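Right, one structure below, let's go through it.
The values are calculated or read from the model by the stated rules, or taken from the named source; none is laboratory data. What you see is a predicted model; the values in this text were computed from it and never measured. Here the Cβ is made from the backbone with ideal geometry for all residues, glycine too, and neighbour counts use every protein chain on show. Just the protein is used for accessible areas: all its heavy atoms, side chains included, with ligands, DNA and RNA removed. Shrake-Rupley method; radii C 1.70, N 1.55, O 1.52, S 1.80 Å.
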Amino acid sequence: MTQAEVTAVPSAPTAPFGTVAAPAMVVVTTEGGEFGTPTLQPTDVLPLHPFAHALHYGSACFEGLKAHRGIDGAVRLFRSGDHAQRLVASAARMMLPIPPPDLVYSMIMMAVRANLSAVPAAPGSLYIRPVLIGTEANIGAAAAPSTEAMLYVVASPVGDYFTSGARPLRVLIETTHPRTTPQFGRVKAGANYAMALQPTLAARRDRAADQVLFAPGGDVQETGASNFLLLDDQRVVTKGLDDTFLHGITRDSVLVLAHDAGLVVEERTIDVDELSSWAAEGEAALTGTAAVIAGVGTFIVGDDEIAVRAVNDPSARGMGPVARALRESLIRIQTGADADPYGWTELVDKDL
Ligand SMILES: *Cc1c(COP(=O)(O)O)cnc(C)c1O
């Protein structure tokens, strides 16, 4: 690497997450339901018929993953094949034309290569957003899937999620409503986010909550956009995989690291009643690609507020020690500071 390239690396942006567009995007459309050849384009408005199926009947899903720049200057994608597979699974559930996983993967790779100079230094990263939408121009297709689709990959340089320092989150426990319907639990669809918004905004307004943790009938699922973990120095506990929630890749990575660090991983039902006893001794955290791991400092249950002691300890700086250690291990693998025995990372070279 030349000195010019080293000095050209942008520092981590301070703009809010997701507001800065990287210059290039990759786009492909179907014809007769078959995906064609993707093209590289400037990130700009998309041609979309106002009758497009996604705009009327919600046939849209997406992914979110990151490319990280290491201290060696090299850029590494994290678990891109797994994200591509999950988009394909979402497409199948939404009855969209299903892109071949290799196509999704190669478009992610194209998008990172084209935006390589926009990948900021750590703790920043390039957030990559593949999106699949139904484009059939037919507002009569209410009870029919979209026969055509557009797949595009945009990217956004992002800073550290905790711009103003990690702060323990206040999480309201919602025991009436599920996060989403079971048909959509495992689908990464915008509709799920819209569904979580009303309760989340109400919780923010009424209880100064940051997030809502959905636990219908007392069965803890996840928040609007992240998976939920209980941790202590012996164990990590999280809900076992089922159709009611999104199977996070960060969740999976953290469980693998926890197991390999000698912690017992329990994938099982968590009852709301368990949260208060856990809060006295253990930690709680949320996981997702954007923040990696964030500490939960307070459970708001009905009129009560339950402090998670280990997370509120001032020396904890926003998350418990077990969550912090797992977060740091994961980031060290993502940035190439530690070896990657799992095959999660992949170097992105410059050759187009
Ligand atoms: C994307 C997402 C997550 C986190 O998944 P990661 O693969 O870890 O980023 C969790 N819950 C929901 C609802 C999501 O959409």
| field | Carbon/sulfur fraction of accessible area - the stretch 93-220, other protein chains in place, 1.4 Å, % | value | 58 percent
| Rough spin-label spacing in nm, given labels placed 7 Å along Cα→Cβ, for V45 and H259 | 5.0 nm
| remark: Interchain or sequence-distant (5+) residues whose placed amide H lies within less than 5 Å of the amide H of M25 are Q41, T43
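Per residue, how large is the accessible surface of the stretch 294-346? Use a 1.4 angstrom probe and give square angstrom.
Values: 2480 Å² over 53 residues.
Here the residues of the stretch 294-346 average 47 Å² of exposed surface.
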| Solvent-accessible area per residue, Å², over the stretch 243-293 with all protein chains present [probe radius 1.4 Å] | 37 Å²
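So what is the calculated 222 nm ellipticity per residue for the chain, using -39500 (n - 2.57) for each DSSP H run with n of 4 or more, over all residues, to the nearest 500 deg cm²/dmol? Numbers along the way, then the final one.
Values: 9 runs with 96 residues, N = 352.
Taking each H run of at least 4 residues, the total per residue is -8000 deg cm²/dmol.
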| message | Cross-link candidates for K66: which lysines have Cα within less than 19 Å, leaving aside residues fewer than 8 places away along the same chain? | response | K188, K350
| How big is D, in µm² s⁻¹, for the stretch 218-282 by Stokes-Einstein at 20 °C and 1.002 mPa s if Rh is the Kirkwood radius over C-alpha pairs? | 175 µm²/s
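Tell me, what are the semi-axes, in whole angstrom and largest first, of the equivalent ellipsoid of the stretch 48-128 as set by the roots of 5 times the Cα gyration tensor eigenvalues? If you can, show how the numbers build up before the last one.
On the way: eigenvalues 166, 39, 21 Å².
Calculated on Cα positions only, the semi-axes equal 29, 14, 10 Å.
Averaged per residue, what accessible surface does the stretch 1-86 expose to a 1.4 Å probe, in Å²?
Working: 4560 Å² over 86 residues.
In whole numbers, the stretch 1-86 has 53 Å² accessible per residue.
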| Got a sec to turn the phi values of the stretch 261-267 into Karplus ³J(HN,Hα) couplings, 6.51 cos²θ - 1.76 cosθ + 1.60 with θ = phi - 60°, whole Hz, x for Gly and Pro? | 8, x, 7, 7, 9, 10, 9
| Cα-based convex hull, the chain, per residue volume (Å³, whole number) | 139 Å³
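How big is the Rg/Rh ratio for the stretch 143-239, C-alpha atoms only, Rh by Kirkwood, two decimals?
Numbers: Rg = 16.5 Å, Rh = 15.9 Å.
Reported Rg/Rh (Cα atoms, Kirkwood Rh): 1.03.
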| message | Using only the alpha-carbon atoms of the stretch 1-151 as identical scatterers, what base-10 log of I(q)/I(0) does the Debye formula give at q = 0.15, 0.16, 0.20 Å⁻¹? | response | -0.80, -0.88, -1.21
| request: Measure of size requested: the Rg and Dmax of the stretch 68-223, with Cα atoms as the atom set and Å as the unit; please supply both. | output: 18.7, 54
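Expressed as a rounded percentage, what relative contact order does the stretch 98-203 have, with Cα pairs under 8 Å and six or more residues apart? Numbers along the way, then the final one.
Details: 82 pairs, mean separation 23.7, N = 106.
With pairs under 8 Å counted, the relative contact order is 22 percent.
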